[in-house]
Amino acid sequence: MAKKNIRIRAKMKGDVAEVKALMSHPMETGLRKNKKTGKKIEAHFIKEVVCEHKGNKVIVASWGVAVSKNPYLSFKFKGAAKGDAIKVSWEDNKGESATADANIG
Amino acid sequence: MKRRTFLKGTVASGMLGVAASAGLLAPRMVLAAWPESAFAAKSIDDGLNALYSSASTTESGDIKIKAPDIAENGAVVPVTVSTGMAAESIAILIEKNPAPLACSYALGGSTEGFVSTRVKMGKTSDLIAVVKSGGKLHSAKKTVKVTIGGCGG
């Protein structure tokens with residue numbers, strides 16, 4: 001199974017916090033075939049990504065299979081300060097999930 | 001016996017009341033439930049209807065799509081959508097993909113109208129960004145040429 005890994009980089013730029021997150025996930029579409037067996041490879045993709053800052057949801061991403069493998073997401077929000085903790089979590093179509101925390105630098 | 005069932009009923013509804021007041025049944029953020037029908041839709045209009053219950057968008061000059069003119073590898077196409085509008089939601093659709101809706105983002109009140117991500121594109125297609133602001137849908141598009149598709153093995 002893929003490593004459940006989220007790498008987060010968050011930085012203050014003026015009064016706006018810029019967050020970049022990189023997740024490890026195969027993001028399988030369900031349309032590809034295994035070349036040797038000719039069988040379809042089962043769809044396996046992240047459905048929802050949530051980022052929280054002080055308990056508030058800053059962004060809720062709903063993803064389909066068209067998001068690239070090892071997905072990248074970046075967004076900006078106001079009202080944060082240096083050192084604040086943020087939490088990013090995802091859940092995929094097989095019920096697997098991962099969570100990671102980071103501090104805004 | 002009747003009295004029993006009556007009691008059971010009141011206990012059950014009482015529990016429900018407690019759960020509701022404790023916030024367990026409080027509605028989550030808009031779009032928080034994964035919109036399955038929107039992602040299964042085969043056309044842009046169907047996708048938008050399922051997602052926003054409307055497919056009428058107005059073209060806006062206030063939405064910027066940053067994406068390559070020519071993508072060498074359709075499996076990884078970086079896309080950045082930004083807008084000056086107070087966006088509640090941003091969606092990215094790819095016209096010629098089997099299911100056009102690639103991703104949608106529900107933004108919190110303090111979140112800027114900006115998202116950046118990477119998507120797969122099967123072939124050369126229009127990339128459409130839809131921004132929901134003030135209850136209305138605004139859109140912008142950009143054509144991206146794909147030399148190697150991202151959906152095949």
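Every number here is computed from the coordinates shown, using simple stated rules; none is lab data. Please read these numbers as outputs of a predicted model, since none were measured by experiment. A quick note on method: Cβ atoms are made from the backbone with ideal geometry, for glycine too, and the neighbour counts reach across all protein chains shown.
So here's what we get for this one:
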quantity	calculated
Using θ = phi - 60° and Karplus 6.51 cos²θ - 1.76 cosθ + 1.60, couplings along region B:49-65 (whole Hz; Gly, Pro as x)	4, 5, 7, 10, 6, 6, 10, 8, 10, 10, 5, 10, x, 8, 10, 10, 10
Loop trypsin sites (Lys or Arg not before Pro), region B:49-99 (other Cβ atoms within 10 Å of the site Cβ: 16 or fewer; DSSP)	B:96
5 angstrom amide H check on residue A:32, placed H, neighbours 5+ away	A:41
Under Karplus coefficients 6.51, -1.76 and 1.60, residue-wise ³J(HN,Hα) of region B:116-131 in Hz, glycine/proline x	9, 7, 10, 10, 9, 10, x, 7, 3, 7, 7, 9, 10, 10, 10, 10
Choice from A:30, A:64, A:38 with maximal GNM fluctuation in chain A (Cα, 10 Å cutoff)	A:38
Candidates A:86, A:41, A:59, ranked by Gaussian network fluctuation over chain A, Cα under 10 Å, top entry	A:41
Cross-link pairs B:42/B:120; A:87/B:136; A:20/A:69; A:69/B:136; A:13/B:96 - those with Cα-Cα distance over 25 Å	A:87/B:136; A:69/B:136; A:13/B:96
Partner aspartates and glutamates for residue B:141 [C-alpha distance under 17 Å; skip if fewer than 8 residues away on the same chain]	B:45, B:59, B:62, B:69, B:95, B:126
Base-10 log of normalised Debye intensity for region B:31-148 (one unit scatterer per alpha-carbon) at q = 0.12, 0.13, 0.21 Å⁻¹	-0.38, -0.45, -1.19
Shielding by partners - mean other protein chain Cβ count within 10 Å, residues of A:70-79	6
Proximal lysines to residue A:35, defined as alpha-carbon separation beneath 16 angstrom and excluding residues fewer than eight positions away on the same chain	none
Residue-span extension gain [residue A:15 to residue A:101] - 0.36 nm each, minus C-alpha spacing	28.9 nm
Two-site FRET efficiency, residue A:24 against residue B:72, from Cβ-Cβ distance with R₀ of 25 Å, rounded to 0.05	0.60
Semi-axis lengths (Å, descending) of the ellipsoid that matches the C-alpha gyration tensor of region A:57-105	24, 13, 10
10 Å Cβ neighbours from other chains, averaged over peptide A:46-52	3
Amide H contacts of residue A:48 (H built 1.01 Å from N, under 5 Å, at least 5 apart or other chain)	A:63, A:91
Debye-sum result for region A:1-89 in log10 I(q)/I(0), which assumes one identical scatterer on each alpha carbon, at q = 0.15, 0.21 Å⁻¹	-0.63, -1.00
